[in-house]
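Reviewing the structure listed below.
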Amino acid sequence: MSEASWHKVATMAEIGPGEMKQVRVGPRYVALYNVAGTVYATDDICTHADASLSEGYLEGDIVECPLHQGRFHVPTGKAMGAPVTVDIATFQVRIEGADILVSIPGA
Ligand code: FES
């Protein structure tokens with residue numbers, strides 16, 4: 001993965017433990033999650049329909065979609081069962097000082 005694909009999207013001060021935040025990289029909406037101090041990133045748009053996961057509920061490392069309560073495992077993007085059957089894309093995260101960077105392929 002090339003160095004050029006890393007994007008600074010937020011700072012650690014913007015997303016406390018147990019919180020989520022939507023950021024945008026080009027045309028893509030990305031959800032950031034702070035799971036007990038570790039930051040993860042996935043696509044923000046649910047694979048089931050047009051809903052923003054960052055407007056849902058984060059319980060530990062599971063995010064629940066606000067529209068039909070589909071659940072995804074945040075670190076791996078795995079769909080946890082109906083109605084979601086397609087995994088959500090995950091992205092690499094890097095912390096540099098207070099900055100959060102994500103690697104988005106092709107962005
Ligand atoms: S839109 Fe997310 S579960 Fe339906």
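Values quoted throughout were computed directly from the atomic coordinates according to the rules given, and no laboratory measurement underlies them. Only a predicted model underlies this, so the values are computations on that prediction, with no experimental measurement involved. Ideal geometry is used to build each Cβ from the backbone, glycine not excepted, and the neighbour counts take in all protein chains shown.
What to note about this one:
- Taking each residue of the stretch 64-75 that is more than 6 Å from the ligand (Cβ to nearest atom) and looking for partners that are hydroxyl-bearing (Ser, Thr, Tyr) with beta-carbon atoms closer than 6 Å, six or more apart or interchain, yields Glu64/Tyr57; Val74/Tyr33; Val74/Tyr40; Pro75/Tyr40.
- Among residues of the stretch 76-101 that are under 16 Å from Glu64 (Cβ atoms), those with a Cβ under 7 angstrom from a residue that is surrounded by 12 or more Cβ atoms within 10 Å (Cβ to Cβ) and acidic (Asp, Glu), sequence gap 6+ or separate chain, pair up as Gly77/Asp87; Lys78/Asp87; Ala79/Asp87; Ile88/Asp43.
- Annotation: of all residues in the stretch 1-59 being under 13 Å from Ile104 (Cβ atoms) and polar (S, T, N, Q), the one that is surrounded by the fewest Cβ atoms within 10 Å (Cβ to Cβ) is Ser2.
- Criterion violated by Val30 - all others in (1) part of a strand (DSSP E or B); (2) more than 21 Å from Leu67 (Cβ to Cβ) satisfied: (2)
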